[in-house]
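Heads up: the structure comes next, in structure tokens.
Bear in mind these aren't lab numbers, they're just calculated from the coordinates by the rules spelled out. Since the model is a prediction, treat every value here as computed from it, not as a measurement. Every residue, glycine as well, gets a Cβ built from its backbone with ideal geometry; the counts of neighbours run over all protein chains shown.
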Amino acid sequence: MSSQDAPLPPIGLPEATGRSRLFAEPLHVGRPNLADANELLNDFRVILERRWLTNNGPCVKEFEHQVAAHLGVRNCIAVSNATIGLQITIAALGLSGEVIVPSFTFPATVHALAWQGIRPIFCDVDLSTHNLAPASVERLIGPQTTGILGVHLWGNACAIEPLTEIARRHRLALFFDAAHAFDCSHRGRMIGNFGSAEVFSFHATKFLNTGEGGAVTTNDDELAAKLRRLRNFGLEDDQVVDVGINGKMNEFSAAMGLASLRHRELFIARNHSNFAAYRDVLRSIPGLSLVEHPTTERRNQQYIVVDVDRHQFGMSRDELVTALHAQNVIAKRYFFPGCHRVEPYKSAGAASTPLTNTEALCERLFQLPTGTAVSRNDIERIGEFLKTLTARARHAA
Ligand code: T4K
């Protein structure tokens, strides 16, 4: 069970659960954005006819080429998922001891460190960006620290320049979990070009998906060569030169990725129009604010993140999410309760470190469905429901 699956408390509003549901079918956060099914089936047929299914096949090579060209980065190494991508990056950078990482992230970021025998040092985030707070990072650097792992949460870039300066001053590796940030920019440059390496996720729930998949990008050719070996059992031609793993992307995933790349403008346009629709409906609801980030940057807008003020709205975030679930709107509580409060990190003492901003965000934020499976009409219905919910909750108070 993931931390997000922890049971939600029951709420005492019969109006929210007693009637027929707002949606007959569940409306999910993370419903995949998909290319046309016939187009995909045709691509799969070609792969089957070619009888080359994995191990650096032609679709994987083409996918890597197109991703690198789109991001303007020298190297793209496609992998089986971002978690493996993070692990081989940690190994390729030769990290050990302790690495500073936000607690406010999906557990995969932190587990990737733990799998490599590294102690995660949890750092608080900035309340406005939800990303690593550079001043807090610097305070946590100790003799065992070898690296900083930032996360571009919701596709919003970390404070890259201050973090780069801190890493340079303390001679630490700096790399990024860019799982949410494909097709997003920082100061006009595409994410994928920063730090020693950046790791994308192409999981089904991500803006651009390959079913399962990911990629590591880097402008360091030597690091790229090592990452390619580590992804493929440590093999260099037929010689084993590193302790590698099997982190290869297969041809079907790469074909899905290529199809997603062809349709990405459509996906982005839908995410942006859904975001605008949510902004319209949430504007008039007291206690709910849509989390917004700089509009001067390119953004995939894959996450609709809402901040709940329980006093103004009339109920807590958890009560609200329960009420939405009862209506078949499967809102998520990313990233409750914070990695420092889950095992094994909690028992190792991480929960005793106060991470005030992280804990506040963990109690206040939730995510609503978007993507190509969600229409403006769906969003308006969710908005009407939320209006009724707050009116009743405030009346009952
Ligand atoms: N770093 C960060 C910051 C991440 O957010 C993630 C993953 C990673 C690293 C690791 O990347 P990968 O190793 O996965 O490439 C989901 C995803 O499984 C996970 O990939 C993602 N982040 C995370 C934010 O969301 P859960 O536990 O919420 O998954 P689940 O099964 O509850 O699915 C989420 C929603 O999506 C559900 O409401 C159902 C819907 N869904 C899901 C799938 C798989 C669909 O409608 N169709 C589908 O095919 O973690």
Over all Cα pairs of the chain, how is the pair count split among 10 Å bins, expressed in % and running from 0 up to the last occupied bin? 5, 22, 31, 25, 13, 3, 0, 0
Could you list which residues have their amide H under 5 Å from that of Ile304, counting only those 5 or more apart in sequence or on another chain, with H placed in the peptide plane? Leu368
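Under the rule a/c < 1.5 gives rounded, and otherwise a/b versus b/c splits prolate from oblate, where does the stretch 19-107 land using the Cα gyration tensor?
Values: a/c = 2.45, a/b = 1.09, b/c = 2.25.
Because a/c hits 1.5 or more and a/b fails to exceed b/c, the stretch 19-107 counts as oblate.
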In degrees, nearest 10, the alpha-carbon axis of helix 58-71 is tilted away from the dominant principal axis of the alpha carbons of the chain by 70 degrees
In degrees rounded to 10, the 0-90 angle between helix 37-50 Cα long axis and the longest Cα principal axis of the chain is 20 degrees
For the stretch 276-309 and the stretch 51-83, write down the distance between their C-alpha centroids in whole Å. 33 Å
Using packing as a proxy for protection, rank 316-328, 231-243, 276-288, 173-185 so that the peptide with the highest average count of other Cβ atoms within 10 Å comes first. 173-185, 316-328, 276-288, 231-243
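Between Rg and the Kirkwood Rh of the stretch 269-336, both from Cα atoms, what is the Rg to Rh ratio? Present the calculation step by step, with values, prior to reporting the outcome.
On the way: Rg = 12.9 Å, Rh = 13.2 Å.
My calculation puts Rg/Rh at 0.98.
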Check Val151: other-chain or 5+ apart residues with amide H under 5 Å from its amide H, H built from backbone geometry? Leu132, Asp177
³J(HN,Hα), Karplus 6.51/-1.76/1.60, whole Hz, each residue of the stretch 183-193, x for Gly, Pro: 6, 10, 10, 9, 6, x, 9, 5, 4, x, 10
With Cα atoms, 0 to 90° folded angle of helix 317-326 axis to the chain main axis: 80 degrees
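Take the alpha carbon gyration tensor of the stretch 195-257, find the square roots of its eigenvalues, order them as a ≥ b ≥ c, and report rounded if a/c is under 1.5; if not, report prolate when a/b exceeds b/c, else oblate.
oblate
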